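K.L.:
A single structure is presented below for examination.
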């Protein structure tokens, strides 16, 4: 017996909106970063599932997933480097302390 | 795989060559010879610009992944010129004590983002577009955080990378839904599969949000002022002009090409986004004191004007958009050149600090004045013509109300642009910025920008020659 495609899509949609919610509400830069990773991973699931169930004769979706994983790894590396730099400057990584610039 | 395909992508190949030469030079050059890093980088980018001056014919390589149109080549040339001008202005800041050791990295990372924009412009597939987008935005965050010891700079970097990746994540979600409903990622095949079903509309909205962040259109503009203020001034100049210009071009290309069947939907979305962008950004710009923040809001509203070229959806709109980007680039780079040199010499950055600048630095004030006049759209300068063409393109399609709102906003923007001019020429100051001589490179770049602002509008050949390349996509 095979799972229906909808189950995967429900999970990926929940992940997407959990990510958006986390991005807006989290107060720690690392938690914000994790929320973004949730969004990117939900996209990966979507691509893999669409490819496997709807268009199994081509590999476009799988390749897109591979590239998206690679790029999100780069992005995490750069983001963490910048977060470390912030830590060196102000000794914590809370979002509320990143308020030197205000209108 | 056919390796001869690489030869077709001559713009990308020559840019990669420039990056590799600079990398080797930065690693193996002796401390003494590294003094000449800036001139060499400028000369190499100049050669690269000249080599690719003649627009390519339409090229398709790698089975449709890479698809370049003549207008894309024109856009790349404009971006090259902008990058060259930024390089000429950057040295004052880079030669300071704390950044001199990382001087080479600035040039290489900047060129890497430029390479990403090239791929974005000539993508023929969403995978290519996505990789280009990320190549353009991830290194940009490291540039924004380049001043390692300044908290503001690190803050700007963090804000930029988090919002940029959030936006591209949303964009990707949209792309995944498009893939799910059409079964392809090639720009050429997608329109046939687009039926306007609700899920495709949702996909389009997600996708549009992603590029809207990059362009800083209004509901997605929150990061712009903070990043522009915190990043080093040369990086801000690059970010406000090159990054925005390429994103505008790509948005237009994709809306025309891929989402052509949804034209009524995206025009109605864009309609309200343009009104919100121009109006809100203008209102916020009125109350800024910091010049970099001021120009951030100004650039948001300019992005709204640029979108007027997209909404018209005609060849005239496309020509108008590219021409507008060219003029906006010259004006903004001149303004940031002046801000950068004043900030470097005196550390002053607010509008009140510019009181009485005319008495001490008449030439800089003059450059700043024609820049601001051009941004506001006052006739003899190029900004007037670019606004005229883009308004005409939108009005031709019957968007009279939209053009009227944009016109009213032009008047509002005149008020805040003139505020800076008034500070420089009329206000008196007890402690004006003392008089100084800027270095040769900055002077040449400011001169080039001023000549462009004065010349590009009057010489109709510029607009006409851009016009001959429109619509090959």
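Computed from the coordinates by the stated procedures, all read-outs in this text should not be read as laboratory data. The structure displayed is predicted, hence computed values, not measured ones. Cβ: placed from backbone, ideal geometry, glycine included. Neighbour counts: every protein chain shown.
K.L.:
For segment A:60-103, count the residues as N, evaluate 2.2 N^0.38 Å, and divide the Cα radius of gyration by that value, please.
P.N.:
My calculation over the Cα atoms of segment A:60-103 gives 1.69.
K.L.:
Can you give the Kirkwood hydrodynamic radius of segment B:248-287 from its Cα pairs, in Å with one decimal?
P.N.:
11.4
K.L.:
A further question on this structure: At 25 °C and 0.890 mPa s, grab the translational diffusion coefficient of segment A:41-87 from Stokes-Einstein with a Kirkwood Rh over Cα pairs, rounded to a whole number in µm² per second.
P.N.:
It diffuses with D of about 207 µm²/s by this estimate.
K.L.:
A further question on this structure: Once the cut-off is 15 Å, how many percent of the Cα-Cα pairs in segment B:308-364 end up in the long-distance tail?
P.N.:
62
K.L.:
Two decimals is fine: what's Rg over Rh for segment B:47-200, C-alpha atoms, Kirkwood radius as Rh?
P.N.:
Taking Rh as the inverse mean 1/r over Cα pairs, Rg/Rh reads 1.05.
K.L.:
State the three equivalent ellipsoid semi-axes of segment B:16-57, derived from the C-alpha gyration tensor as the square roots of 5 times its eigenvalues, in descending order and whole Å.
P.N.:
Each semi-axis is the square root of five times an eigenvalue, giving 25, 11, 4 Å.
K.L.:
If you don't mind, there's one more thing I want to ask. Which residues does the label zone of residue B:5 cover in segment A:67-86, counting backbone N under 19 Å from a point 7 Å along Cα→Cβ?
P.N.:
Those under the cut-off are A:67-68.
K.L.:
Using the basic label-point model (7 angstrom from Cα toward the beta carbon), what is the residue B:407 to residue B:17 distance in nanometres?
P.N.:
Simple spin-label model gives 5.0 nm for this pair.
K.L.:
Moving on. Which three extents, in angstrom, do the Cα atoms of segment B:122-190 have along their principal axes, listed largest first?
P.N.:
The principal-axis extents, from largest down, are 49, 21, 8 Å.
K.L.:
In nm, give the distance between the simple-model label positions of residue B:431 and residue B:414, each being 7 Å from the Cα along the Cα-to-Cβ direction.
P.N.:
3.6
K.L.:
Mean 1/r over all different Cα pairs, inverted: what Kirkwood radius does chain A give, in Å?
P.N.:
For chain A, inverting the mean 1/r across all distinct Cα pairs yields 15.5 Å.
K.L.:
Then there is this: Averaging the inverse of every distinct alpha carbon separation and then flipping it gives the Kirkwood radius. What is it for segment B:84-170, in angstrom units?
P.N.:
13.9
K.L.:
How big is D for chain B, in µm² s⁻¹ as a whole number, if Stokes-Einstein is applied with the Kirkwood radius of its Cα pairs at 4 °C and 1.567 mPa s?
P.N.:
58
K.L.:
Ratio to report: Rg/Rh of segment B:215-268, with Cα atoms as the point set and Rh obtained by the Kirkwood method; give two decimals.
P.N.:
Rg/Rh: 1.11.
K.L.:
If you bin the C-alpha pair distances of segment B:233-302 every 10 Å from 0, what whole percents do you get?
P.N.:
18, 38, 31, 12, 1
K.L.:
What percent does the relative contact order of chain B come to when contacts are Cα pairs within less than 8 Å and at least six residues apart?
P.N.:
So the answer I get is 14 percent.
K.L.:
Right, another one. From other protein chains only, count the Cβ atoms within 10 Å of every residue's Cβ in A:45-53, then give the mean.
P.N.:
Mean partner shielding for this stretch: 3.
K.L.:
From the mean inverse distance of alpha carbon pairs (Kirkwood) and the Cα radius of gyration, derive Rg over Rh for the protein assembly as shown.
P.N.:
Across the protein assembly as shown, the Cα-based Rg/Rh ratio is 0.95.
K.L.:
With runs of 4+ DSSP H residues as the only contributors, calculate the mean residue ellipticity of the protein assembly as shown at 222 nm using -39,500 (n - 2.57) per run, divided by the residue total and rounded to the nearest 500.
P.N.:
For the protein assembly as shown, the value works out to -25000 deg cm²/dmol.
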